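> The structure that follows is given in the form of structure tokens.
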Amino acid sequence: MSAKTKVAILISGRGSNMRTLIQAAKQEDYPAEIIGVFSNRADAAGLEFAQSENIQTAVISQKDFDSRESFCEALDAQLEAWGAELLAHAGYMRIHADGFAQKWTGKMLNIHPSLLPSFKGLHPQQQALDAGVKIAGATVHEVTPELDAGPPVLQAAVPVLDSDNAESLSARILKVEHQIYPLALKQFIEKRTNNDAETADQTNLIWPN
Ligand code: GRF
């Protein structure tokens, strides 16, 4: 197999999606190597797991910078120092400066707990409940300068039950997030690195069993 793509994961909190990527990348035939986990918050719970897996971590807080641009320059320097080729956002709660986003466009994925383009931004599960939709889900998409607007890579749908609240719906969606993110990252890398017919037409919607 060809060299693995070097992926940095960006988190701000719990890091359960980060865990699924780290676990997936342990498989010999998985095309990504997780080379670092970055957090903008020192108290992000996910950092501890990454360290326990012997993955290098870095924390830089925006509070130490006087502009979004200067913070993103420091972030970029860290990612370059790691040799990151792709960035996987996993609950990363900062909007990038335009210059940073433009530089990395085409090399960034994010996971969002809605069927984009519906319910962008904060609290998408509550937005879905407020809208009364009967199907919700998760989307792995490319990150572009416009928030939650990059092309979808893989989506998974879940039913919305009459009895749902934001917590129960979030939990159902999170389960499928954990299924699709490792798969989406794999497909994304395979499409970038070999344009053969085998990867040209892949499943891109998942419905839970
Ligand atoms: C997930 O629901 C993800 O879709 C959203 O933020 C949450 C992060 O959860 N962007 P975790 O930190 O991966 O557990």
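To keep it simple, each residue is scored yes or no on (1) closer than 28 Å to A97 by Cβ; (2) of a type in the set (A, V, I, L, M, F, W, C).
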{"residue": "L109", "(1), (2)": "yes, yes"}
{"residue": "P113", "(1), (2)": "yes, no"}
{"residue": "L116", "(1), (2)": "yes, yes"}
{"residue": "P124", "(1), (2)": "yes, no"}
{"residue": "K134", "(1), (2)": "no, no"}
{"residue": "A138", "(1), (2)": "yes, yes"}
{"residue": "L147", "(1), (2)": "yes, yes"}
{"residue": "G150", "(1), (2)": "yes, no"}
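> Can I ask one more? Given the conditions (1) within 16 Å of the ligand (Cβ to nearest atom); (2) small (G, A, S); (3) surrounded by 18 or more Cβ atoms within 10 Å (Cβ to Cβ); (4) more than 24 Å from A97 (Cβ to Cβ), which single one is not true for A45?
All conditions pass for A45, except number (3).
> Let me ask another. How about the stretch 106-117: which of its residues are away from the ligand (no atom under 14 Å from the Cβ) and more than 14 Å from the chain's Cα centre (by Cα)?
Answer for the stretch 106-117, where residues must be away from the ligand (no atom under 14 Å from the Cβ) and more than 14 Å from the chain's Cα centre (by Cα): just P117.
> Which pairs do you get when a residue that is touching a residue at least 40 places away in the same chain (Cβ under 8 Å) and hydroxyl-bearing (S, T, Y), found in the stretch 156-174, comes within reach of a residue that is buried (at least 18 other Cβ atoms within 10 Å of the Cβ) and in a helix (DSSP H, G or I), reach meaning Cβ atoms under 7 angstrom, with the pair 6+ apart or on two chains?
The qualifying pairs are S170/Q125.
> Follow-up. Mind checking which residues of the stretch 42-88 are free of Cβ contacts under 8 Å to residues at least 60 places away in the same chain and either at positive phi or of a type in the set (S, T, Y) (or both)?
Across the stretch 42-88, the qualifying residues are S52, N54, T57, S61, S67, S70.
> For the structure I just gave you, tell me whether G36 is open to solvent by less than 50 Å² (accessible area, probe 1.4 Å) and either without any contact (Cβ under 8 Å) to a residue 60 or more places away in the chain or of a type in the set (S, T, N, Q) (or both).
So G36 passes the test.
> Another question, then. In this structure, is G91 on the phi > 0 side of the Ramachandran plot, within 13 Å of the ligand (Cβ to nearest atom), touching a strand residue (DSSP E or B) at 6+ places or on another chain (Cβ under 9 Å) and at pLDDT 95 or above?
Answer is yes for this residue.
> Here's something else I'd like to know. Just for the stretch 17-32: of the residues that are open to solvent by less than 80 Å² (accessible area, probe 1.4 Å) and over 15 Å from the mean Cα position of the chain (by Cα), which one is farthest from the ligand (Cβ to nearest atom)?
Result: P31.
> Here's something else I'd like to know. With the condition kept exactly as written, say whether any residue in the stretch 124-143 is of a type in the set (G, A, S), open to solvent by less than 40 Å² (accessible area, probe 1.4 Å), out of contact with any Ser or Thr (no Cβ under 9 Å at 6 or more places or on another chain) and closer than 30 Å to R68 by Cα.
no
> What pairs come up if the first residue lies in the stretch 103-116 and is free of Cβ contacts under 8 Å to residues at least 12 places away in the same chain, the second is open to solvent by 20 Å² or more (accessible area, probe 1.4 Å) and more than 12 Å from the ligand (Cβ to nearest atom), and their beta carbons are under 9 Å apart, counting only those six or more places apart or on different chains?
Note: no pairs meet the criteria.
> Are any residues in the stretch 156-178 among the acidic types (D, E), surrounded by fewer than 18 Cβ atoms within 10 Å (Cβ to Cβ) and within 21 Å of V140 (Cβ to Cβ), and if so, which ones?
none
The values are calculated or read from the model by the stated rules, or taken from the named source; none is laboratory data. Quick caveat, the model's predicted, so the values are computed rather than measured. Methodologically, a virtual Cβ is constructed for each residue, glycine included, from the backbone with ideal geometry; neighbour enumeration extends over all protein chains shown. The protein model used for the area step is the full one, side chains on, heavy atoms only, and it has no ligands, DNA or RNA in it. Shrake-Rupley method; radii C 1.70, N 1.55, O 1.52, S 1.80 Å.
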